[in-house]
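To start, the structure itself, in structure tokens.
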Amino acid sequence: MMNKPLFIIAIVLIVVRRLSASSATEIIISIPDQTLAVVDSGKFIVRYRVSTSKFGNGDNVGSYQTPLGMLFVSGKFGDHLPAGTVIKNRAPTGEIIAVDAPNRDAIVSRVIWLRGMERQNLAAHDRCIYIHGTLEERRVGRAASFGCIRMRSGDVIALYDRVHIGMHVTISEKAIDELLPQEKPTLLSRAD
């Protein structure tokens, strides 16, 4: 007999795959390039600089690493909050802090909660792996987080508005140019 929690996860994954099949928009994150890109129907839309874990890649509980592989957006928190609003346990605290405030490392502005879809990242949701805003914007573009994907507040707010529950998120050790769809040549772009 199948383990009840595993059965529930399997059902959730089937439902998410069906929901996301109707939308081809996805997020792709390159660890070596510290870059997040949004792709829609195989077409590049936008890219942002990010910060992944300073402890490397993985999904062990307590590792503070960034999980790899295919995940999906399982929750969104922070609708209409001002940039810099501190979010704790996925709820605003009411405090608003300036960018690069000394001795502060809070989750701010928006939270996009991720859930793993593969054996290598099944702990991501319970580990509270998010895409979220950071006060430490000076560190965006290099590995500096405790497992989450950090973004500048303005960028995560813009991304948040494009994201929907069920959207696929791929986190990879490949370069972003290897992960993005290649533009197909047309007669208009032909060079003889």
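Where a number appears in this text, it was derived from the coordinates with a stated rule and is not lab data. All of these numbers come straight from a predicted model, not from anything done at the bench. Please note: Cβ atoms are built from the backbone with ideal geometry, for glycine as well, and neighbour counts cover all protein chains shown.
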Exercise. When a/c is below 1.5 the answer is rounded, else prolate if a/b is larger than b/c, else oblate, so apply that to segment 29-98 with a ≥ b ≥ c taken from the square roots of the Cα gyration tensor eigenvalues.
Key: oblate
Self-check item: Cut-off under 5 Å, modelled amide H: who pairs with residue 68 long-range
Solution: 58
Practice problem: Report the label-to-label distance for residue 24 and residue 182 in nanometres (one decimal), using points 7 Å from each Cα along the Cα→Cβ vector. | Solution: 1.8
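Can you check what the net charge comes to around residue 129, using other residues whose Cβ is under 13 Å from the Cβ of residue 129 (Lys, Arg +1; Asp, Glu -1)?
Value of the local net charge: +2.
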Self-check item: Theoretical FRET efficiency, 1/(1+(r/R0)^6), r = Cβ-Cβ of residue 128 and residue 40, R0 22 Å, to 0.05
Solution: 0.20
Quiz item: In whole Å, what is the distance between the alpha-carbon centres of segment 48-73 and segment 93-145?
Solution: 11
Exercise. Note down the net charge around residue 82, summing +1 for each Lys or Arg and -1 for each Asp or Glu among other residues with Cβ under 14 Å from its Cβ.
Key: -1
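Using Cα-Cα distances under 8 Å and only pairs 6 or more residues apart, what relative contact order does segment 35-165 have, in percent?
Values: 315 pairs, mean separation 39.4, N = 131.
In percent, rounded to a whole number, it is 30.
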Quiz prompt | Karplus (6.51, -1.76, 1.60) ³J(HN,Hα), θ = phi - 60°, over segment 133-149, in Hz, Gly and Pro reported as x | solution = x, 10, 6, 7, 5, 5, 8, 5, x, 9, 5, 8, 8, 10, x, 6, 9
Exercise. Please list the radius of gyration and Dmax for segment 59-139, considering alpha-carbon atoms only, with Å as the unit.
Key: 13.5, 39
